[in-house]
Amino acid sequence: MPGTTDIGNHGDDTVTTVALPFSFTLYDQTFTSVNLSSNGNAQFTTTDTAFTNICLPWTSHDYTIFPYWDDLYLVNSGFGIFTEVVRRTESL
């Protein structure tokens, strides 16, 4: 499902902080916001704008998720980071 909420990240090597609509626990810490990078990673304790990939483990990025880690360029029209919150309900 494509996201429909534009977080305003339309740059090259930029990071935008987004408030989460729920608490998210990663390892031993719970977060209420995430720093989304135009380079395809979600950082919880850093705001690194580096576009190069580094061999993991990356000690200064213990609380980072790398879903599409690459040197992305989001400046052109129609490009950016878009989010969507989906609530799933199941009947028992």
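Read-outs throughout are calculated quantities, based only on the coordinates presented, and are distinct from any laboratory measurement. Keep in mind it's a predicted model, so treat the numbers as computed, not measured. Quick reminder, even Gly has a Cβ in these numbers, built from the backbone with ideal geometry, and neighbours come from all protein chains shown.
Miscellaneous remarks
- Residue check, Asp48 free of Cβ contacts under 8 Å to residues at least 40 places away in the same chain, part of a loop (DSSP other than H, G, I, E, B), touching a strand residue (DSSP E or B) at 6+ places or on another chain (Cβ under 9 Å) and of a type in the set (Asp, Glu): yes
- In segment 8-23, the residues that are in contact with a strand residue (DSSP E or B) (Cβ under 7 Å, 6 or more places away or on another chain) and surrounded by 15 or more Cβ atoms within 10 Å (Cβ to Cβ): Asn9, Val15, Thr16, Val18
- Scope segment 7-23; condition assigned to a strand (DSSP E or B) and more than 13 Å from the chain's Cα centre (by Cα); matching residues: Asp12, Pro21, Phe22, Ser23
- Test: Ile54 is farther than 20 Å from Ile7 by Cα and not polar (S, T, N, Q): yes
- Qualifying residues in segment 63-92 (those that are touching a Ser or Thr at 6+ places or on another chain (Cβ under 9 Å) and not in a loop (DSSP other than H, G, I, E, B)) - the one surrounded by the most Cβ atoms within 10 Å (Cβ to Cβ): Thr64
- Every pair of residues 6+ apart whose Cβ atoms lie under 8 Å, when the first sits in segment 77-89 and is more than 13 Å from Met1 (Cα to Cα) while the second is in a strand (DSSP E or B): Phe79/Tyr73; Gly80/Asp6; Ile81/Asp6; Ile81/Thr16; Ile81/Leu36
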